[in-house]
Amino acid sequence: MTGRRLTSLLAYVTTAAAAASLLTGCGVLPGATGGSREPVTVMTWAPDQTRATNMPGMPAMAQAYARWVNANGGLDGHELRVLTCNDQNTNAGAAACARRAVHEGAVAVVGSYSQFGRSFMAPLESAGIPYIGGYGISEDEFTSSLSYPVNGGQASLLAGHGMQLAESCRKVSLVRPDNIAGDRLLNLLNSGLRKASHHGAVDIPAREDSAEYTEPAARARTRAGSDEGCVTAVLGERTQTFFDSFRRLPEPSAKKDGDATAVRISSVLGSVGQPLIDRSGGAHSPFEGAYVTGWYPSADSKAWEPMRKVIKEHAFVDNRVDPTDAGVQTTWIAYTVLKQVVESLDSDKITSLQISHALNQGAKIDTGGLTPPLRWRYDDLLGARDFPRIVNHDVTFQVVREGQLVAQKPGFVDVGETVLAAP
């Protein structure tokens, strides 16, 4: 039996065992005062085992969260039931997951990842189901009135990354997916670069599912130049493949003495993160010294301790749940939103309408320092032309040192004005 199949089997067995134990005792949850409150059913979806970006840790984190919260009395006395779905990185898969959420009575979709917002938001909107804390990869997450994003998505990351690179890079090459989502990235990066009177980046579209990137890697390095040039790649899971091709390029003739390369590399969280750095050699990986822009504090922040404790106690042997993964972190924050909203309702039955109404009326969410306080009233929305639903426009500047992503500068950087300035 393969390691992946063994992990999946163990995760299934432990989930079933936990569910069985919670359903004993006349339906009363451990720590709950009574059994009169109805269960709360939600869904978390993400792609898995596809040729492009995969996020198996997000549904796995949702399941671990459910085990933890149900072992401690549920969501304000409600048993939390988590449905999971693989959107398969396709329009049809995303739509199928959304239809299943409607069919199985989910009151919210929480902490999910899909590029196909147009496919999944329509079924959710028809059923009035809120989308809480999606990863921030699709445009619809920042336009639908039933979407409640917990981060600023790719828009904030790219705008912030431009600001981060402007301080150190004379020229910048951007390698990004050759698709609709990728088309927006150049303007966002340039909005950050130009905030510091920097020239715009060179745009280099590339296939998101390519097996190798020698040609775009060579173009990116050449256009960045050998004098304080930077190459940034935002290709999701294929970012590692790109930098493998980049690392294998012949040494440039203009190489600086003593440097492994004359060009510095960079990316944003989600394309480069601690799991990738660890897999590619840690302190000896090609990412050593790379600049990275993220949404949240670095993984060594004490603000992540509650999540780490839950993972340690309730994820068991499920190696999909990596506390340094941005998808896992986003899912934790999204379920934090759900928990606080349900608690604020203090109702025996929770509906999708109650949840969306509470969020629209100004329920204020404290994430323990992982984000600024979150609230989705009209006055709290950033109102950017293509991203009106952004409420959290803070990012963090990080750098890889000795194989670890650490803060380049302390605290958050507000990029709201920069996002608003993007064409």
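Just a few scattered comments:
- For the pair ASP244 and ALA71, label points projected 7 Å from Cα toward Cβ lie 3.7 nm apart.
- DSSP-loop trypsin sites (Lys or Arg not before Pro) across segment 329-404, with at most 11 other Cβ within 10 angstrom: ARG385
- Contact order normalised by residue count of the chain, Cα under 8 Å, 6+ apart, percent: 19
- Average accessible surface area per residue within the chain, 1.4 Å rolling probe, Å²: 42
- Candidates per GluC sites (Glu not before Pro) in segment 343-423, loop by DSSP, up to 16 other Cβ within 10 Å: GLU402
- The aspartates and glutamates whose alpha-carbon is closer than 17 Å to the alpha-carbon of LYS195, local same-chain residues fewer than 8 away aside, are GLU167, ASP394, ASP414, GLU417.
- Cα-projected label distance for ARG100 with ARG279, points at 7 Å along beta-carbon direction, nm: 2.3
- For the pair GLU167 and ALA52, the difference between a 0.36 nm per residue extended length and the Cα-Cα distance amounts to 38.2 nm.
- Whole-percent pair-distance distribution, where bins are 10 Å wide, for the alpha carbons of segment 33-174: 12, 36, 29, 15, 6, 1, 0
- A Cβ-based charge dipole, computed about the Cα centre of the chain with Lys and Arg at +1 and Asp and Glu at -1, lands at about 380 debye.
- Simple spin-label estimate for ASP348 and ALA407 gives 4.8 nm between the two label positions (7 Å along the Cα-to-Cβ direction from each Cα).
- Among SER266, SER114, SER210, residue whose mean-square fluctuation peaks in a GNM of the chain (springs only between Cα atoms under 10 Å): SER210
- Shape parameters for segment 100-181, alpha-carbon atoms, Rg then Dmax in Å: 15.9, 53
- Positive-end extreme of charge dipole, segment 282-423 - chosen from THR396, GLN361, ALA384 (charges on Cβ): GLN361
- A straight line joining the Cα centroids of segment 112-186 and segment 373-390 runs 14 Å.
- Cα Rg over Rh - segment 69-111, Kirkwood: 1.09
- Rel. contact order, % - alpha carbon contacts under 8 angstrom, at least six apart, segment 313-370: 33
- Segment 162-276, Cα convex hull volume normalised per residue, Å³: 100
- Heavy-atom accessible surface of the chain: percent carbon and sulfur, 1.4 Å: 50
- Taking 24 Å as the limit for the C-alpha separation, the pairs LYS171/LYS409; LYS364/LYS409; LYS302/LYS339; LYS312/LYS339; LYS302/LYS364; LYS309/LYS349 exceed it in the case of LYS364/LYS409; LYS309/LYS349.
- With the gyration tensor restricted to C-alpha atoms of the chain, the semi-axes of the equivalent ellipsoid amount to 38, 23, 19 Å, longest first.
The values are calculated or read from the model by the stated rules, or taken from the named source; none is laboratory data. Note that the structure is a prediction, hence the values are computed from the model and not measured. Cβ: placed from backbone, ideal geometry, glycine included. Neighbour counts: every protein chain shown. Ligands, DNA and RNA are excluded from the accessible area calculation, which covers all protein heavy atoms including side chains. Shrake-Rupley method; radii C 1.70, N 1.55, O 1.52, S 1.80 Å.
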